[in-house]
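One structure is given here, and the rest of the page talks about it.
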Amino acid sequence: MSYHVHYEKEAQKVLKKMDKYEAAIVLRWIEEHLIDSHDPRAHGKGLIGNKSGFWRYRVGAYRIIANICDEKITILILNIGHRREIYK
């Protein structure tokens, strides 16, 4: 059972605005670690508080916030941002 990755519109907008080099690093990380992954939780960390239920993935100074749906076997990338700004 391998997971498929889908992007929310907010995450797509952020990727378009990012520096091309940094966006390529983030996309390559997603491709290597999340697309067709058998256990997406192994690479991330569960969030707590008001973002409970979401998962965080660390890629250098950037963070990927995602929702993992086991029933549909999908990972929905909600937002991507710099570590200073992503949790606000």
Scaled by the rule-of-thumb 2.2 N^0.38 Å, the alpha carbon Rg for the chain gives a ratio of 1.01
PRE zone check, label point 7 Å out along Cα-to-Cβ of Tyr87, amide N under 15 Å, scope region 39-70, hits 45-59, 61-66
For the chain, dividing by residue count, accessible area per residue (probe 1.4 Å) in Å² works out to 67
With DSSP loop assignment and no more than 15 other C-beta atoms within 10 Å, the chymotrypsin sites (Phe, Trp or Tyr not before Pro) in the chain are Tyr87
Along region 73-79, Karplus-curve 3J(HN,Hα) (6.51, -1.76, 1.60; θ = phi - 60°) to the nearest Hz, with x for Gly and Pro, reads 6, 9, 10, 9, 6, 8, 7
Note: probe point = Cα of Met1 + 7 Å toward Cβ; backbone nitrogen < 14 Å; residues of region 27-48 passing the test are 37-41
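The values are calculated or read from the model by the stated rules, or taken from the named source; none is laboratory data. Being a predicted model, the structure only gives us computed values, none of them experimental. Glycine also receives a Cβ, built like all others from the backbone with ideal geometry; neighbour counts cover every protein chain displayed. Ligands, DNA and RNA are excluded from the accessible area calculation, which covers all protein heavy atoms including side chains. Shrake-Rupley method; radii C 1.70, N 1.55, O 1.52, S 1.80 Å.
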